[in-house]
1. What ranking of His53, His155, His143 emerges when the number of other C-beta atoms within 10 Å of each C-beta is taken as an exposure proxy, fewest first?
2. Excluding residues fewer than 8 places away in the same chain, name every one of the aspartates and glutamates whose C-alpha is closer than 20 Å to that of Lys319.
3. To the nearest 20 debye, what is the magnitude of the charge dipole of the chain about its Cα centre, counting +1 on the Cβ of each Lys and Arg and -1 on the Cβ of each Asp and Glu?
4. Cross-link candidates for Lys350: which aspartates and glutamates have Cα within less than 13 Å, leaving aside residues fewer than 8 places away along the same chain?
5. Please state, rounded to one decimal and in Å, the Kirkwood hydrodynamic radius that region 49-198 gives when every pair of distinct Cα atoms enters the mean of 1/r.
6. Step through the residues of region 255-261 one at a time and calculate ³J(HN,Hα) from phi using the Karplus curve (6.51 cos²θ - 1.76 cosθ + 1.60, θ = phi - 60°), rounding each to whole Hz and writing x for Gly and Pro.
7. Among Pro274, Gln311, Gly151, which residue has its Cα furthest toward the positive end of the charge dipole of the chain, with +1 on Lys/Arg Cβ and -1 on Asp/Glu Cβ?
8. Between Ile51 and residues 5 or more places away or on another chain, which pairs have amide H atoms under 5 Å apart, with H built 1.01 Å from N, and which residues are they?
Amino acid sequence: MTLFERQTPPTLIGNKSLAQRPRRLRTSPALRGMLRETEINARDFIYPLFIRHGSQQRLPVRSMPGIFQLSVDQAVQEAEEAARLQIPAVILFGIPETKDPIGLENFASNGIIQQAVRAIKGAVPEMIVVTDVCLCEYTDHGHCGVLNLDGEHFHPNLPEGYVLNDETLEILAKVALSHAESGADIIAPSGMMDGGVAALRAALDSGGFENTPILAYAVKYASAFYGPFREAAQGAPRSGDRKTHQMDPANANEALREAALDAAEGADMLMVKPALAYLDIIWRVKQAHPELPLAAYNVSGEYAQIKAAAQNGWIDEEKVTLETLTAIKRAGADLIITYHALEAARWLAK
Ligand code: PBG
């Protein structure tokens, strides 16, 4: 053998000694199925429902095809359908009859959410009913809390219109207690107020609801992906934004601080929201708090994008949806709040 021949690298074509061939494990559907690391299931889903007053009402949400504002009787039917599809939980958002500066219907015993919780628990007792606790859908100004305005509670050192933290907590505590009294199974504070979990834990405990879990919207960004939701829930702020309480999308370390605080305050489960542009945050929060179940909120803007592209025939809706939900779970979410829940559950059951 000449020196030249020995230095010629062996060609890979026809080489029988290639030790690493990852494709070996992808040769058949059975192998791929056996080795799949992440599997989504209807039991991972929490289905959001928007509830309005009236009866026999199903008002389509323009920017969220397939999603409706439902009267209580219709919401019950939707919950029954979710139960048939093995979806364990719904999360409720209410559209009140009238709005005012602090949102009185939010903690009224005959408020829209209170009625809906009683009706759903009455008709489908096994359905886990989660209630979102915030002020934005109930206030006439559309903000998530009590505003710093002229009057007896004015804080001269804070800007006019600032969302007051501690005053808001007092109202949120009443809302949480009222939801629990109506039969809500899980309370989910979404307002990103400091000390929110501690305040709600204390209120629930003092009302005899020490066994009612709190699902904390621990890490919630000031995101433009909530656009369609604000149409669906009619809760857009009249002016301004939510940047003094919701997080800056540029921040990740701060997410760990928020998650740690909520865990320390007694949150039973954590949430990251939105999901898709924040898969890294889901991953980090799960790594930091493996002891707590983690939910991710696949928000309205994420849903609207898939629906719009699918309606144009630009993507395969079923495949893109299931791939998206799988990615959210792979990133570390144990539970996914998603508007796709019913359709995805049907596809998964095929
Ligand atoms: C606040 C709340 C919002 C969403 C859930 N809870 C809106 C907001 O914070 O502005 C958004 C959910 C979505 O976009 O699907 N009550």
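1. Values: His53 17, His155 11, His143 27.
If I rank by nearby Cβ atoms, fewest first, I get His155, His53, His143.
2. Cross-link targets: Glu37, Glu39, Asp44, Glu302, Glu343.
3. On the way: 33 positive and 43 negative charges, 457 e Å.
So the dipole magnitude of the chain works out to roughly 2200 debye.
4. List returned: Glu318.
5. Working: mean 1/r = 0.0622 Å⁻¹.
Result for region 49-198, one decimal place: 16.1 Å.
6. Karplus values, whole Hz, x for Gly and Pro: 4, 5, 5, 4, 5, 5, 5.
7. Gln311
8. HN-HN under 5 Å from Ile51: Leu70, Phe93, Gly94, Ile95.
Any read-out appearing in this document is the output of simple, stated calculations on the displayed coordinates, not a laboratory observation. This is a predicted model, so every value here is computed, not measured. Here Cβ is always computed from backbone atoms with ideal geometry, including for glycine, and neighbour counts include all displayed protein chains.
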